[in-house]
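A quick write-up on the structure given underneath.
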Amino acid sequence: MSDRTISEKTVNPARVDATARMGTDSVWHLLITMGIPGILSTLTTYFYTMVDQIFVGNFVGRNALGSLSLITPFNNIVNALAMFATVGGPSLLAVYLGAGRKKEADRLFTNILVEIFVISLTVTVLFSIWTEGAIRLFGGKVGTEVYAYAVDYLRILVLGEIFNMATFGLSAIIRTEGHATYSMFSNLFGAVANLGFNTLFMVVLHLGIRGAALGTVASQVTGALIGAAFFLRGKSQLHWTGFSTLKITIMLHAMRMGIAPAVFQILSFFTTILTNISLQQYGDLDAELAAVGGGQLAVSANGVVVLCESMIVSISLGINQAAAPLISYNYGAGKPDRVKKITLDAQLFAFAFAIPIWCVMMFAPHWLIALFGKEDAALIAFGSHAMRLSKAFAFLVGYQTLVSMFFSAITRPGLATLVSLFRHGIFLVPALLILPHFFGLDGVLLAGSVSDGCSVIVVSILYIVWLRRLGKPENQGI
């Protein structure tokens with residue numbers, strides 16, 4: 001595009017006003033009006049996975065359901081790479097817009113788009129070539145049904161990664177500009193499409209696990225096209241500045257701002273592999289469980305348990321999608337008291353959703369597990385047991401997520417990364433390595449609760465200290 005196209009004179013004042021309101025409107029009004037669409041947006045992403053698991057568990061079987069657990073490390077890798085651009089970049093965009101630095105925002109926007117394309121293309125090529133090796137790395141045992149199903153699923157899934165990352169990236173940028181409703185709509189439409197495509201490919205055409213993967217890819221294409229339409233129709237105040245403005249330093253700076261959530265996913269990658277291996281090992285050694293499925297049953301049930309906890313995380317991420325640009329904007333505008341109110345009110349908002357979900361997980365877990373195999377008594381029994389042991393502190397995972405994102409939003413990626421390390425590295429890995437030696441399979445399950453309980457204490461100390469430091473000259477600005 002020409003220089004005239006990217007001139008600030010071409011920006012619609014209404015679009016600027018939508019962004020400026022982030023520094024003036026009532027905090028609760030902003031959290032609700034931006035947070036509810038954000039929650040619906042992240043829940044639709046969550047429902048992509050949930051729909052696949054429900055369809056696969058009920059129409060293919062338990063071992064096919066377990067194969068989706070083996071795919072989790074791949075999703076961790078994709079999410080980690082995507083978050084470098086889709087969390088760090090938009091957070092920095094919000095700071096630039098809050099500080100009135102429009103030209104820098106346009107240039108950053110251009111670099112983010114190219115970064116998303118390069119990352120997603122690399123993932124597609126790598127995992128298309130290395131599918132079977134990846135499944136073995138993720139903990140799959142060659143010769144088992146779980147392994148075979150996982151290979152079939154991943155070979156198709158990788159074909160949609162360009163559209164998958166594009167959907168995440170474009171939605172994040174749209175939210176940053178204050179258009180949370182449109183962002184929600186693009187994700188919601190894709191999730192509804194996934195339900196329809198899964199019905200077509202699995203129920204009507206009987207394509208099994210391959211049908212689940214095809215349905216996911218088709219829905220990702222749908223979501224990406226709707227996100228792209230926002231920019232192609234000129235609704236954004238951000239503009240493409242041309243390939244001449246691409247700079248590796250800009251991309252690296254944006255990636256640095258997204259290190260914390262990316263580290264969370266990278267650590268999840270390693271801990272998920274360790275968990276899968278431990279569940280299979282100790283599940284096969286457990287005489288009672290071995291009689292009804294052993295390690296493969298343990299992996300399948302744990303996948304459902306993790307998915308249930310992910311609902312709390314998804315809701316927290318949706319609230320963060322509203323809170324993060326608000327925090328970044330007001331931080332860039334030099335309003336520390338407003339920043340504090342936003343982050344604390346966001347925590348209250350998250351707890352209001354987390355507590356009821358956690359209560360169902362603890363007191364009626366069989367209701368949740370039955371959704372993924374209502375006639376599988378062994379899956380329901382072990383899944384309920386695993387839920388109570390491993391997710392005792394699940395109501396706090398959203399709190400820790402929001403603390404990490406708070407540090408990212410105020411341009412403190414090192415602290416945000418440290419928060420992620422506490423839960424998914426410093427405490428969880430030792431727990432997974434030590435507890436099974438004393439408690440067997442139950443030790444693998446208890447590791448999650450032990451890690452959550454320890455990390456929340458340390459994370460809270462960091463959070464309180466930095467809330468008190470906000471507003472001091474040496475802690476303000478980027």
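Viscosity 1.002 mPa s, temperature 20 °C: Stokes-Einstein D of segment 111-203 from its Kirkwood Cα radius, in µm² per second?
140 µm²/s
Ignoring ligands, DNA and RNA, what accessible area per residue does segment 63-184 give at 1.4 Å, in Å²?
Per residue, segment 63-184 has an accessible area of 31 Å².
Can you pull the semi-axes for segment 324-478, root of five times each eigenvalue of the Cα gyration tensor, sorted largest first, whole Å?
36, 19, 10
Can you tell me the FRET efficiency between Leu195 and Ala291 if r is taken as the Cβ-Cβ distance and R0 is 25 Å, rounded to the nearest 0.05?
The computed FRET efficiency comes out at 0.10.
Over the Cα atoms of segment 230-382, each weighted equally, I'd like the Debye log10 I(q)/I(0) at q = 0.08, 0.13, 0.20 Å⁻¹, rounded to two decimals.
Values, matching the q order: -0.43, -0.88, -1.29.
Can you give me the distance in nm between label points at Glu145 and Leu232, each placed 7 Å from the Cα along the Cα-to-Cβ direction?
If labels sit at Glu145 and Leu232, their model points lie 4.3 nm apart.
Specify, per residue and in Å³, the volume enclosed by the convex hull of the alpha carbon atoms belonging to segment 269-354.
108 Å³
With all pairs of different alpha carbon atoms counted, what Kirkwood hydrodynamic radius in Å does the chain show?
22.6 Å
Label-point separation (nm) for Leu126 and His437, each offset 7 Å from Cα along Cα-to-Cβ?
3.3 nm
What whole number of Å gives the distance from the Cα centroid of segment 106-141 to the Cα centroid of segment 345-396?
32 Å
Are there DSSP H segments in the chain that both extend 24 Å or more along their axis (alpha-carbon positions) and score a mean Kyte-Doolittle hydropathy of at least -0.5? List them, or say none.
Flagged H segments are 27-59, 62-86, 102-129, 180-198, 208-232, 259-285, 294-332, 336-363, 441-469.
Using a 1.4 Å probe over the heavy atoms of the protein chains, calculate the carbon and sulfur portion of the accessible area of the chain as a whole percent.
Roughly 69 percent, rounded to a whole number.
Can you sort Val450, Val158 by 1.4 Å-probe accessible area, starting with the largest?
Result of the area sort, largest leading: Val450, Val158.
With +1 on each Lys and Arg Cβ and -1 on each Asp and Glu Cβ, and nothing else charged, work out how big the dipole of the chain is about its Cα centre, in Debye to the nearest 20.
My answer is approximately 1520 debye.
Any chance you could run the full-extension gain for Ala364 through Phe270? It's 0.36 nm times the residue separation minus the Cα-Cα distance, nm to one decimal.
That pair, Ala364 and Phe270, stretches by 30.8 nm at full extension.
For a quick protection proxy, order the peptides 46-58, 426-438 by their average other-Cβ count within 10 Å, most packed first.
46-58, 426-438
For segment 165-315, rounded, prolate or oblate, judged on the Cα gyration tensor with a ≥ b ≥ c (square roots of eigenvalues), a/c < 1.5 rounded, else prolate if a/b > b/c?
The shape class here is oblate.
Add -39500 (n - 2.57) for each DSSP H run of 4 or more in the chain, then divide by its residues: what number comes out at 222 nm, to the nearest 500 deg cm²/dmol?
Helices in the chain give a 222 nm mean residue ellipticity of -26500 deg cm²/dmol.
Can you give the extra length, in nm with one decimal, that the chain gains between Trp28 and Val203 once fully stretched, where that is 0.36 nm per residue apart less the Cα-Cα distance?
58.6 nm
The values are calculated or read from the model by the stated rules, or taken from the named source; none is laboratory data. On a predicted model such as this, the values are computed, not experimentally measured, just so you know. Counting neighbours? That spans all protein chains shown, and the Cβs are built from the backbone with ideal geometry, glycine included. To get the accessible areas, we keep the full protein, side chains included, count just its heavy atoms, and leave off ligands, DNA and RNA. Shrake-Rupley method; radii C 1.70, N 1.55, O 1.52, S 1.80 Å.
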